[in-house]
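Before any comments, here is the structure.
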Amino acid sequence: MRKLTKEQKRDIRVISAKRDEDIDFSDAPVVLDWSGAEIGKFYRPTKKPVTMRLDSDVIAWLKVDGRGYQTKANWLLRQAMTHFRKEGNLASRARRSRRVGKASHAKGKP
């Protein structure tokens, strides 16, 4: 986020010193129709530092565009998360596939 200029800081001080009744909102129309509003558009989940061991070629690919590789990795993981949430719980899918694998081994199949 850019720093505020001296003029912007001055304007903020002037406006914050006013009482609500003294602010003129005549040039700002009242919004009555909120049907086009987007819920959570500016929501930013909290970040948590983690340590992960990734393949070196994956890290190189993430860093190829320069700065922002962690943001790119987070975006890719978020896309995968939302995809698997739509399909159903990823953990339950993994358990089902392991059970299927065990059943085929029991029948003598590789």
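The table that follows gives values for the structure above.
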quantity: Low-density loop cleavage sites - trypsin sites (Lys or Arg not before Pro) in the stretch 1-91, where at most 12 other Cβ are within 10 Å (DSSP); calculated: 2, 3, 18, 19, 41, 47, 53, 67
quantity: Prolate/oblate/rounded call for the stretch 1-43, Cα gyration tensor, a/c under 1.5 rounded; calculated: oblate
quantity: Cross-link pairs 6/48; 3/41; 9/72 - those with Cα-Cα distance over 32 Å; calculated: 6/48; 9/72
quantity: Distance cut-off 13 Å, percentage of C-alpha pairs in the stretch 22-65 lying past it; calculated: 78 percent
quantity: The stretch 1-89: GluC sites (Glu not before Pro) in DSSP coil with no more than 10 other Cβ atoms inside 10 Å; calculated: 38
quantity: Stretch gain in nm, segment residue 78-residue 43, where the contour uses 0.36 nm per residue and the Cα spacing is subtracted; calculated: 11.2 nm
quantity: Cβ-Cβ FRET estimate between residue 50 and residue 28, R0 fixed at 35 Å, reported to 0.05; calculated: 0.20
quantity: Segment residue 65-residue 5, extension gain: residue separation times 0.36 nm, minus the distance between their alpha carbons; calculated: 18.4 nm
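All of the numbers you see were taken from the coordinates with simple rules; none came from a lab. The structure presented is a predicted model; accordingly, all values stated were derived computationally and were not measured. Virtual Cβ from ideal backbone geometry, glycine too; neighbours counted across all protein chains shown.
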